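K.L.:
Pasting a structure below so you can have a look.
Coordinate-derived values only; no laboratory data. The shown structure was predicted, so the numbers you read here are calculated from the model rather than taken from an experiment. Heads up, the Cβs are rebuilt from the backbone with ideal geometry, glycines too, and the neighbour counts pull from every protein chain shown.
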């Protein structure tokens, strides 16, 4: 598997994305990954679902989320900390690529969902997308 995760090679993972698989993975991540990782994944998901998001962005987002869902990625998710590092890299690359399509409404929707799962979340936990 290509060890270089960037917005240019993420679309090849989009075949692994489906809304059902995304929500199942997120439910598992909530317990292990922390608020920031889940927040970035939710922001990408809601950006993907936004009809105003350009197709070229949707391909990158679906690729990043597909990579997140992919059971056999570069570093197994079962490894503490290191297992989520490659997933985090894919999410971050996609967020940076589609940043102009991420609206305040999308961020708010993601924050609301995150609050439902984690309870009150501090501004610092949202990272650069607060």
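K.L.:
Among 23, 117, what is the fewest-to-most ranking by other Cβ atoms within 10 Å?
P.N.:
23, 117
K.L.:
Roughly what would the spin-label model give for residue 130 and residue 59, points 7 Å off Cα along C-beta, in nm?
P.N.:
3.5
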